[in-house]
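First comes the structure, then the notes that go with it.
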Amino acid sequence: ARESRERGKAGALAAASSRGAGSAVVLGKLWALLEGWAEHRTPLSLSNLANLLQRCAKEGVSLPMKGRVGEYLRGQFREATRVRQGALLAPSSSSPAAGGRGAIRVVSGALYGLRAVSECDREAKEEISASLCRAVQGTPLNAWTIRDLSAAFRGIGVLNESQTSPRLLGELVVRLVRCRDQLDGQGVGNILYGVRNFQDGPELRLLFQTLSSKIKESRQISLTPQEVGNSLYGLQGVAVVSDELESLLVSLDALMRASSKTLGSQEVGNAYYGLQKLSADKSPAVGRIFETLYSKATRVREPIQAQTISNTLYGIQNILANPPGVAADLIRFITSAIDECPEQFTAQAISNSLYALRRVSKEVLKNAGQDFEDSIENLLLSLAQRIDKSKSLNSDYTGQFVGNALYGLNNLPESPGTRAIFEALAPLLPKANAEVTPRALSNALYGLKNTKSSPSAARILQGLNSLARNVTMSLRPREISNALYGLRHLTGTQEGSEIMEILASKASEGLMGNFKAMEVSNAIYGLVRAGNHKFGATEEDRKSMHESRETLLGLLATELETLNRGATESMGVKELSSAIYGLHTSGDSPAIRMLLRPLAHQTKQLSLRGEVFDSQAVGNSLFGLRGVPMCEPLDQLLEFLVPLVENCDWDQGSELSQALANGLFGLQGLPLTTSTRRIIKAFTPKIREARKGTFNPQHIANMLFGLQAMTPTEGKAGESQEIDPDVGAILDAIAAHLPVEDDEGSRFGVLQLGQSLYGVLPHRSHKIYQELLSRVRNLEEINLASVEDLQSLDAAEIRNINQDLSGIEALMQALALENEIEKTVSPESRVDVLYRARVQDLSSMPRNTMEMSVREHLEDFMS
């Protein structure tokens, strides 16, 4: 009777999954059968399960492990592997070999059939993995063939997230070690393909070691194109190049080089995709594999598919962080393939291709050389054209697509290529047809962190604005932090400020969790431009931006206070200096003063831990204070900053000239106190000892401008006073570095002279003042015709003219206070001509509030 039932089940399975039926019919028959079995709790042996899974895998029918049927099948796995070994087989097949070869075929078949499993959550994986691990343990160690093992390994990839899966992998590896069969190419491909979702561990390392040894022992082994693709595809989960993996890669590379067979488009994509977590930095074998694959890729005879292009780029994402010599050639090959690809790119192909560039930074481009930089730029331009051609594609433009595509640009410097990508992506953002997650929005905004204000950036921000409003879930602190950090150059724009307002609103509704120290730092730094109001903003816009910034700064102050009370995490040197630097456009406000207190505490803790500032940390920290008036919280922060400045390691960090200039510039408006005096005393010897040519006119101007309020006693603005000895010493040091006036590249412009003179007005009995006045008299003349037609000027000339206009107010105030205007501003001077050009109201000339102030104060004189 039992044998009859077993034959009935076997026959039902065969009939329900007959090869002649279409997949929909097959699924319908199977599902009806399984629903009935689940209802009656019909017991299945492992042999039944193996047959079911194998047939489903062959027919392309998936078996979800959820719902009543899923729970039933999981239970049958559990029950079938708890009974005596002989019951692994159907009773009709019982034989003396039941615990040997027969059982091995059943277990191997069950593992192979796992390819058909779908919707398998972590709990289901754990149950199935534990059941099959018991089944493998019940088989002899030395009776498995390469064919058995090849099939078994092929299916275990779906069980990667379970705690038992490493043990199951280990049981199979031990049997591979004991296997006496010759390893073949199919075995190599199947075994490695099966571990594609496993991460580095002792079991995986033993597998790599065993495969490497068996490849070396088998002199007849060769790899077909599909086996090459499967073998390397199987490495996608490994991020560590262990000695065992290095040895295996050497063996695989030798097999690839020995093969004259041409890879197809899909095999090339799969092979590269498997390298996604590997780097050639410390692995010669990874570099050789990279080169071998490139030589194989260039010989592909068929058109390169869109999926192959995106897989290839995605697979080399880590290698691009430190690209080998052949990288530029590969990028050019991919660019050519993009141009010639006969297919439109899907959303996934677009996002994967762009995401793959996430580690290509300005530093990487510089180190790799111009050839590589040019290849990346051309790749971006070709991708932009391809995206533009794919707009009509009915693709899955989800929030994740938006996040991954833009995140890939986060390290790239702004260029025509990145702007072209923005132009191409902007029309696709409204097509995002699923609810945008906070993470997707955060990733998208973070990808803009090197982007300055431009028409293309404005269009991207407009698209992200509408997506941001559709985010319904609460944001995590990291998502707020990354989003703000990505907006660091754009919060002063209309579009950027609107997104900042949305983020402030979301944050005020409540966040999921608390900020970490680095997240607070990045968020504050991201608000660095939020105090810059672009010309043309209405009073209502300014008020709204101010309120949003205050909301975010107040939230960050509260979070930092919480961190301080918990004493579980502190900012490091970089985090602290970046956070303070982020305040430099914020001015004075209740939120700023509220934030200064916990920042002072963090500074004190940093000093107590004995950490040391480098030159960049000094420059950034002091520069960030430039808009904050002296108050009790600032005085406390300066008190704790002083020891860090005095003990600075000036040989580390940014250029000394920039650090000193930024540091002194940040002291503008601060009086001479115990703290500020100690800071300028720490700076003086560094300036004095610097070699000639260290400081350019802008450095000089910034240093002098920062000394404007450093007087022994308070006085009226610009009023000459007795020079404090410490201030006199630093003025002497700066004066010794005034650039030679005849040097073309060292001439002071209007802005530099205005700042310099304004800074030394209270100290104008010092010789440096007269020296600066002589520079004003010698300002170069300018031809008015060159500024009348702004269309003929390039961006650099426009920028220089605008900078000159911005410096007029400081220069004129300085000269007026000393009654030097009539003596120094001749009718044909650069100052006079540029101002008259401004008064003519040339519509193309960039405007700002400084120019408006100039016009109000000086129009009578200049006319």
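Ranked highest first by the average count of other Cβ atoms within 10 Å around their residues, in what order do 690-698, 245-253 fall?
Top of the packing list down: 245-253, 690-698.
With r as the distance between the Cβ atoms of Ser295 and Asn367 and R0 = 22 Å, compute the FRET efficiency 1/(1 + (r/R0)^6) and round to 0.05.
Efficiency at R0 = 22 Å is approximately 0.35.
Taking the dipole about the Cα centre of segment 297-414, with the C-beta of Lys and Arg at +1 and of Asp and Glu at -1, give me whichever of Asn367, Ala405, Ala384 is farthest to the positive side.
Going by the charge dipole, the pick is Ala405.
At most 16 other Cβ atoms within 10 Å and a DSSP loop assignment: could you name the trypsin sites (Lys or Arg not before Pro) in segment 184-224 that fit?
Hits after loop and neighbour filter: Arg219.
Just to check I understand the Karplus step: with θ = phi - 60° and J = 6.51 cos²θ - 1.76 cosθ + 1.60, what whole-Hz values come out for segment 558-570, glycine and proline as x?
Running phi through 6.51 cos²θ - 1.76 cosθ + 1.60 with θ = phi - 60° gives 5, 5, 5, 4, 4, 4, 5, 5, x, 6, 9, 8, 10 Hz.
Calculate the spin-label point distance for Glu343 paired with Glu569, positioning each point 7 Å from the Cα along the beta-carbon direction, and give it in nanometres.
It works out to 4.2 nm between the two label points.
Please give me, ordered by residue number, the trypsin sites (Lys or Arg not before Pro) of segment 427-504 that lie in loop per DSSP and have at most 14 other Cβ atoms within 10 Å.
Taking segment 427-504 and a limit of 14 other Cβ atoms within 10 Å, the loop trypsin sites (Lys or Arg not before Pro) found are Lys452.
Applying a 10 Å radius around every beta-carbon, put 607-616, 655-664 in order of their mean neighbour count, most first.
655-664, 607-616
If ligands, DNA and RNA are left out, what is the accessible area of Ser295 with a 1.4 Å probe, given in Å² to the nearest 10?
The value for Ser295 is about 40 Å².
Roughly speaking, what is the centre-to-centre gap between segment 113-143 and segment 344-359 when only Cα atoms are used, to the nearest Å?
When both Cα centres are located, 35 Å separates them.
First measure r as the distance between the Cβ atoms of Asn197 and Glu123, then evaluate 1/(1 + (r/R0)^6) with R0 = 25 Å and state the FRET efficiency to the nearest 0.05.
0.90
Under the classification rounded if a/c is under 1.5, otherwise prolate if a/b is larger than b/c and oblate if not, where does segment 161-203 fall, given a ≥ b ≥ c as square roots of the Cα gyration tensor eigenvalues?
Oblate shape, in that a/c is at least 1.5 and b/c is the bigger or equal ratio.
What residues of segment 194-218 lie in the reach of a label at Val240, counting those whose backbone N is under 12 Å from a point 7 Å from the Cα along Cα→Cβ?
199-206
What is the gain in length, in nm to one decimal, between Asn322 and Glu722 on full extension, counting 0.36 nm per residue of separation less the C-alpha to C-alpha distance?
138.3 nm is the gain from fully extending Asn322 to Glu722.
With a 1.4 Å probe and every protein chain left in place, tell me how much accessible area Arg332 has, in Å² to the nearest 10.
Estimated to the nearest 10 Å², Arg332 gives 100 Å².
Calculate, in nm to one decimal, what His40 and Ala254 gain on full extension: separation in residues at 0.36 nm each, minus their alpha carbon distance.
Stretched out fully, the His40 to Ala254 stretch lengthens by 71.5 nm.
Between Ser415 and Arg677, 0.36 nm times their residue separation minus their Cα-Cα distance comes to what?
This chain segment gains 90.0 nm when fully extended.
Ranked highest first by average number of other Cβ atoms within 10 Å, how do 586-595, 126-135 line up?
Going from most to least packed, we get 126-135, 586-595.
The values are calculated or read from the model by the stated rules, or taken from the named source; none is laboratory data. None of the values given here were measured: they were computed from a predicted structure. We place every Cβ from the backbone using ideal geometry, glycine too, and count neighbours over all the protein chains shown. Heads up: the accessible areas ignore ligands, DNA and RNA and are worked out on the full protein's heavy atoms, side chains in. Shrake-Rupley method; radii C 1.70, N 1.55, O 1.52, S 1.80 Å.
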